[in-house]
Amino acid sequence: MSLKRFLKQHKKVKENTTYPATKSLTDENGNPLLWTIRALTTKENDEIREDCTIEVPVKGKPNVYRNKFNSSKYVAKMIVASVVEPNLYDKELQDSYGVMTPEELLKEMVDNPSEYQDFATFVQEYCGFDTSMEEKVEEAKN
């Protein structure tokens, strides 16, 4: 097999897609606005995962720590990093909802829990995860 096949110029790039994240934001015809979504890279996902993991002390064991993963923070950051449009970092958009971060803005714009969950599942699947983080957490609990 030729090594040339593995060169970057032969790598397929996943195109952006669209998704109607919420029914509460519509166009002039009442159709839900489409959000533009991109797939994350492995490096981006690792950075988000790292940001959502903290070390917590183990009770009764001085100087011993364990990792604690915040899955809801991870999902919100993953969605924010995947959203191309609307620009969740836009100050005017954040100000219109009275929030200071893109994660807060996301949860204000998609404030229906069912829609948020569906959106999270869509983004995770688009990024290549077959099962959502919540499903993995539930599976680990059982």
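None of the figures in this text is laboratory data; all of them are computed from the coordinates on show. What you see is a predicted model; the values in this text were computed from it and never measured. Cβ sites come from the backbone with ideal geometry, for glycine too, and all protein chains shown count toward neighbours.
What to note about this one:
- Residue list for the stretch 74-108, filter: basic (Lys, Arg) and in contact (Cβ under 8 Å) with a residue 24 or more places away in the chain: Lys77, Lys107
- Scan of the stretch 111-132 for residues that are in contact with a helix residue (DSSP H, G or I) (Cβ under 8 Å, 6 or more places away or on another chain), buried (at least 16 other Cβ atoms within 10 Å of the Cβ) and in a helix (DSSP H, G or I), ordered by number: Tyr116, Phe119, Ala120, Val123, Gln124, Tyr126
- Wholly within the stretch 1-110, helices (runs of 4 or more DSSP H) carrying at least 3 residues that are within 19 Å of the chain's Cα centre (by Cα) and within 24 Å of Phe122 (Cα to Cα): 42-51, 71-82, 102-109
- Among the candidates Lys43, Lys23, Lys73, residue that is loosely packed, with under 10 Cβ neighbours inside 10 Å, out of contact with any Ser or Thr (no Cβ under 8 Å at 6 or more places or on another chain) and of a type outside the set (A, V, I, L, M, F, W, C): Lys43
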